[in-house]
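Every number here is computed from the coordinates shown, using simple stated rules; none is lab data. Because the structure is predicted, anything quoted here is derived from the model rather than measured. Neighbour counts run over all protein chains shown; Cβ positions are idealised from the backbone, glycine included.
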Amino acid sequence: MKKLILSLALCFAAAAGFAQEAADPNQLLNEGKTALEAKNYQEAFDKLSAYLTQTNNQDSVIAFNCGVCADKLKKPAEAAKYFDIAIQKNYNLANSYIGKVGALKDLKQNDEYVAALKEAMAAVPESKATFEKMYVNFYLTQGVAAQKAKKADDAAAAFKEVLTMQPQNLNALNALGVLYYTKGAGLVQSDLDKAKAEFATAKQYLDQLVPLLSESNATQKKMLANANTMLNYINSLK
């Protein structure tokens, strides 16, 4: 009987403690807003996320603000969650997507990051250029990383993905031209026919690149000279 009385006492104590902890949603909201205005992001996040939990995540503005707080606190998983709630409720779409893709990038969730960028370009066409730039830079970075790791096929796939978005991207065209030229050069002594096939692919990209380059730009001028050198060598093999 004593054990039973003790168990009941503990249950009542826990219930009383829970009742004390369950703050009024309006109080949480007001305290959260005050903390946010004071740039106390941790308190703001704690109060506003608690408010959203109690109100079934119905407030899109507060969800967005929770995402901002989580971003400031370097909590990308939480940031992605709350920015996504704002997106689902069609609130401040451009900035909500920017927040979400930034969080996914921090989490290194590459597939989700790319999917979110594609989704953003379709959902917010007036901000397409912003998300397109992120998409292109992601694949350029992936391509360079693959090159450094000597994964030529992965590098080529990444640079080709850039061209699906920006067919005249100088960096991607140049990278593909150099990549296939290098593969061809490595085969000249062992298999000239295969070398010529690689050179032919290189020429396709170099022929697209050269007309886009300017001699007035130092970087492009160097790129142009290099492209012409490669083309001259390729043509000499015919």
Worksheet item: Full extension from Asn56 to Glu126: what is 0.36 nm times the residue separation minus their Cα-Cα distance, to one decimal in nm?
Response: 22.1 nm
Response to the item:
the chain, Gaussian network, Cα under 10 Å: of Lys89, Lys222, Lys75, the residue fluctuating most is Lys222
Fill in: Two-site FRET efficiency, Ala197 against Lys222, from Cβ-Cβ distance with R₀ of 30 Å, rounded to 0.05
0.65
Discussion item. Run lengths n ≥ 4 of DSSP H only: what is the helix-derived mean residue ellipticity at 222 nm for the chain, with -39500 (n - 2.57) per run over all residues, to the nearest 500?
Written reply: -26000 deg cm²/dmol
Worksheet item: Which of the listed residues, Pro125, Thr141, Val101, is farthest toward the dipole's positive end in the chain, when Lys, Arg count +1 and Asp, Glu count -1 at the beta-carbon?
Response: Thr141
Worksheet item: Give or take rounding to whole Å, what are the principal axis extents of the alpha carbon atoms in the chain, in descending order?
Response: 98, 45, 27
Worksheet entry | Residues of segment 64-82 with amide N under 11 Å of a point placed 7 Å along Cα→Cβ from Leu93 | none
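What does the C-alpha gyration tensor say about the overall shape of segment 135-238? Classify as rounded when a/c is under 1.5, otherwise prolate if a/b is larger than b/c, or oblate.
Working: a/c = 2.01, a/b = 1.18, b/c = 1.71.
Verdict is oblate for segment 135-238.
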Worksheet, complete the sentence: Given the candidates Ala172, Thr53, Ala77, the one whose Cα lies deepest towards the positive end of the charge dipole of the chain, counting +1 at each Lys or Arg C-beta and -1 at each Asp or Glu C-beta, is Ala172
